[in-house]
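To start, the structure under review is shown below, and the notes come after it.
The values are calculated or read from the model by the stated rules, or taken from the named source; none is laboratory data. Worth saying up front: this structure is predicted, and the values here are computed from it rather than measured. Cβ atoms come from the backbone with ideal geometry, glycine included; neighbour counts cover every protein chain shown. The area values use the complete protein model at the heavy-atom level, side chains included, leaving out ligands, DNA and RNA. Shrake-Rupley method; radii C 1.70, N 1.55, O 1.52, S 1.80 Å.
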Amino acid sequence: MKVNTAATFSVAPMLDWTDRHYRYFARILSRRALLYTEMVTTGAILHSGDAGRFLDYSPQEHPLVLQLGGGDPQALAQATQLATQVWHYDEINLNVGCPSDRVQNNAIGACLMADPARVALCFQAMQAQTDRPVTIKCRLGIDDQDEDQDLQRFIEVCAQAGCQHFIVHARKAWLQGLSPKENREIPPLNYARVYRLKADFPELCISLNGGIQTLAEAKAHLAYVDGVMLGRAAYQNPWLLAQVDQVLFHDEPNPLTRHQAIRRLYPYIETALSQGSRLNHITRHLLNIFQGCYGGKRFRRYLSEQAHLPNAGVEVLETALALVPEIPAP
């Protein structure tokens, strides 16, 4: 298959973090990164009475993937149709990796790895409703599943149904006994297993997720897989995204300084404030932009103390920026 170059680097879907405000700023930093929404359940889209609350985004965010949580093929098909025909997402991703109790109780997320035939039916129902790619994000397995045989069977069944792109978090998920946070940290990473998956299925696009901290690490993984996905590293150090296009795609360096990148956000902030958002809904995603820089702690402290106040606007950001010396772009 022809690998989608947008899949080379992506930012993982993270609940409460990768909202539309974060994604807009991420796009200022990188033109190339493939951005994901937070996971949205089919129920939220189909039964809330306000699908736009979950699906709206800014056009500048493209390329953008909607991650869906669900286990009912018909509901997933309806949500996919809405997301691509009305909201025009570039891809739809099915979450088969989230281990939270709430997700398990709804029979969605990682527990679906126990039923690859059901996942295949979900995929087929989704893909039948769109001409956009539908992808699957999964783990190496769950609980006592065998990381070799059971993972191999899962991929085979879903690939036979037509899925061509799998994003694999290189850890198992333990559905009993570990919290979602512990599931991100305690099960050991097994990158070699994902490498073997690509070797066993060279015709598939295989992306690797889990524990990647730097772009140097990401580049090393790309020798063995088609794509890498960063989660918390890309959120907790957002300036890392400003280097993605140059390091991984060989583009020209990002010409913006951190100060300039934040000021590019001002028109967006003013529009969001006029629509009822609070400044801290947006600036919470910027708190670590000066990580490792002189004055970064003062910047973070000032925003934390001021951005939540009523009527706080971009002048709060300007004052915060004055606390940090501007470093010229490379």
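Side notes on the structure shown:
- Residue pairs whose Cβ atoms lie under 7 Å apart, sitting 6 or more positions apart in sequence or on different chains, and linking a residue in segment 254-282 that is closer than 18 Å to D16 by Cα to a partner that is surrounded by fewer than 17 Cβ atoms within 10 Å (Cβ to Cβ) and not hydrophobic (A, V, I, L, M, F, W, C), are R278/H308; L279/G313; N280/H308.
- Scope segment 188-204; condition of a type in the set (F, W, Y), closer than 24 Å to W174 by Cα and either in a loop (DSSP other than H, G, I, E, B) or at pLDDT below 95 (or both); matching residues: none
- Qualifying positions in segment 168-186 - open to solvent by less than 30 Å² (accessible area, probe 1.4 Å) and of a type in the set (G, A, S): A170, A173
- Residue ID - modelled with the highest pLDDT, chosen from residues in segment 1-41 that are of a type in the set (V, I, T) and part of a helix (DSSP H, G or I): I28
- Test: residue in segment 214-228 that is of a type outside the set (A, V, I, L, M, F, W, C), open to solvent by less than 20 Å² (accessible area, probe 1.4 Å), at pLDDT 95 or above and within 29 Å of S30 (Cα to Cα): yes
- Residue match in segment 63-70 (condition: touching a Gly at 6+ places or on another chain (Cβ under 7 Å), open to solvent by less than 20 Å² (accessible area, probe 1.4 Å), of a type outside the set (S, T, N, Q) and on the phi < 0 side of the Ramachandran plot): yes
- Subset of segment 155-167 that is part of a strand (DSSP E or B) and more than 18 Å from R184 (Cα to Cα) - its residue that is most open to solvent (accessible area, probe 1.4 Å): H165
- The condition of being over 30 Å from G141 (Cα atoms) and not charged (D, E, K, R) holds for only one of A261, A218, A223, A234, that being A261.
- Segment 187-213, residues that are open to solvent by 70 Å² or more (accessible area, probe 1.4 Å), more than 19 Å from D144 (Cα to Cα) and more than 18 Å from the chain's Cα centre (by Cα): R196, A199, D200, P202, E203
- Unique match (being surrounded by 17 or more Cβ atoms within 10 Å (Cβ to Cβ) and touching a His at 6+ places or on another chain (Cβ under 8 Å)) among L317, L321, L265, L303: L321
- Check on R118, in a loop (DSSP other than H, G, I, E, B), open to solvent by 40 Å² or more (accessible area, probe 1.4 Å) and basic (K, R): no
- Cβ-Cβ contacts under 9 Å between residues 6 or more apart (or on different chains), taken from a first residue in segment 213-235 that is in contact (Cβ under 8 Å) with a residue 24 or more places away in the chain to a second residue that is of a type in the set (F, W, Y) and part of a loop (DSSP other than H, G, I, E, B), are listed as G231/W17; R232/W17; Y235/W17.
- Annotation note: Cβ proximity below 9 Å between a residue of segment 60-86 that is of a type in the set (D, E) and a residue that is part of a helix (DSSP H, G or I) (sequence gap 6+ or interchain) occurs for E61/R20; E61/R23; E61/Y24; E61/A26; E61/R27; D72/T42; D72/C122; D72/A125.
- For segment 132-154, the criterion of being among the polar types (S, T, N, Q) and crowded, with 20+ Cβ neighbours inside 10 Å is met by at least one residue.
- Segment 131-151, residues that are in contact with a Phe, Trp or Tyr (Cβ under 9 Å, 6 or more places away or on another chain) and free of Cβ contacts under 8 Å to residues at least 60 places away in the same chain: R132, V134, I136, C138, G141, I142, D143, Q145
- If the condition is being without any contact (Cβ under 8 Å) to a residue 40 or more places away in the chain and closer than 17 Å to S10 by Cα, then segment 38-59 contributes only E38.
- Test for Y294: is it within 18 Å of T257 (Cα to Cα) and open to solvent by 10 Å² or more (accessible area, probe 1.4 Å): yes
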